[in-house]
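What follows is a short report on a single structure.
The values are calculated or read from the model by the stated rules, or taken from the named source; none is laboratory data. If you're wondering where the values come from, they're calculated on a predicted model, not measured in any experiment. All Cβ positions, glycine included, derive from the backbone under ideal geometry; neighbour counts span all protein chains shown.
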């Protein structure tokens, strides 16, 4: 017996990671028929939070929709792909792995024939001349497959996420649905962006730290962009040197990730340098990405932070999904 709600739409989500994009799309009315990721720990995170989701562990380059026919003719193919580098060129046979995943997404689009496509990546992919060969390649492929497309950039902070995170977005539709697509408008434009302090005050107070309110009052801006870093090397930290300086101005040690929040004995004094600043926990980083507190991240600390840092904020997925759904429904 088919109990599927006909008012909801169907999606295929690839490079799913911790599920930020899929969660946001779920909130917008999309139910995934399959989610694909090549990391066991990410698949465990997806299953831990949504046991009913059909999670497939495997490489996008090897994925054959003919072996998963439920993916045919879905309403949306969504892809939170690894960040494409400007040095990647479509003509090079040894092109960057990230670009190969973009090409694989085009092959999958041809095989699945969804009504719409959503790709999330770096903002430079949309705006910088160095990426023009990649944009041209994708535009030609989409046109060849019968899709009309649009590029634009969103800032997650404009949509309730307490983080300045600009995201490059590609949407494409069959038929005339692109004419009905409206880019999400800012719900919380500057200067009303949600701040680090108001987002993390409750968690900072959880173990009796007496300076939590004083710290939160001065952490009065959105977080800098969280960066997941390389899966192959290094431990967890909150991003490059520029991000660490921004965190230091808020009294946060951005060079590491904590196991727990401060207790009543912690002395907060940024003038002491790193010993006087507290690092954030993985759970707090997830809050700054817009994940709900109930969302479980599996794995050891470094793997947990990698998943959070690489994720697409769920609130952004929600507003994009709502705009795509409205265009598809006409």
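Miscellaneous remarks
- Once region 80-105 is narrowed to residues that are out of contact with any strand residue (DSSP E or B) (no Cβ under 9 Å at 6 or more places or on another chain) and in a helix (DSSP H, G or I), the residue that is modelled with the highest pLDDT is 103.
- Being under 21 Å from residue 148 (Cα atoms), at pLDDT 95 or above, in the same structural domain as residue 318 (by TED's automatic domain parsing) and touching a helix residue (DSSP H, G or I) at 6+ places or on another chain (Cβ under 9 Å) holds for only one residue in 33, 112, and it is 112.
- A search for C-beta distances below 9 Å between a residue of region 3-15 that is closer than 25 Å to residue 66 by Cβ and any residue that is modelled with pLDDT under 95 and part of a loop (DSSP other than H, G, I, E, B), counting only pairs 6+ apart in sequence or on different chains, returns 10/4; 14/81; 15/81; 15/82.
- Test for residue 246: is it outside the structural domain of residue 51 (by TED's automatic domain parsing), in contact with a helix residue (DSSP H, G or I) (Cβ under 6 Å, 6 or more places away or on another chain) and closer than 26 Å to residue 84 by Cβ: no
- Taking the criterion of being closer than 18 Å to residue 213 by Cβ and buried (at least 21 other Cβ atoms within 10 Å of the Cβ), the residues of region 252-276 that qualify are 252, 261, 262.
- Of all the residues in region 250-270, those that are modelled with pLDDT under 95 and either in a helix (DSSP H, G or I) or touching a strand residue (DSSP E or B) at 6+ places or on another chain (Cβ under 6 Å) (or both) number 1.
- Residue satisfying all of: in region 203-222; buried (at least 16 other Cβ atoms within 10 Å of the Cβ) and under 24 Å from the mean Cα position of the chain (by Cα); farthest from residue 191 (Cα to Cα) among these: 203
- The condition of being modelled with pLDDT of 90 or more, exposed (fewer than 13 other Cβ atoms within 10 Å of the Cβ) and part of a helix (DSSP H, G or I) does not hold for residue 246.
- Of all the residues in region 136-150, those that are in a helix (DSSP H, G or I) and surrounded by fewer than 17 Cβ atoms within 10 Å (Cβ to Cβ) number 5.
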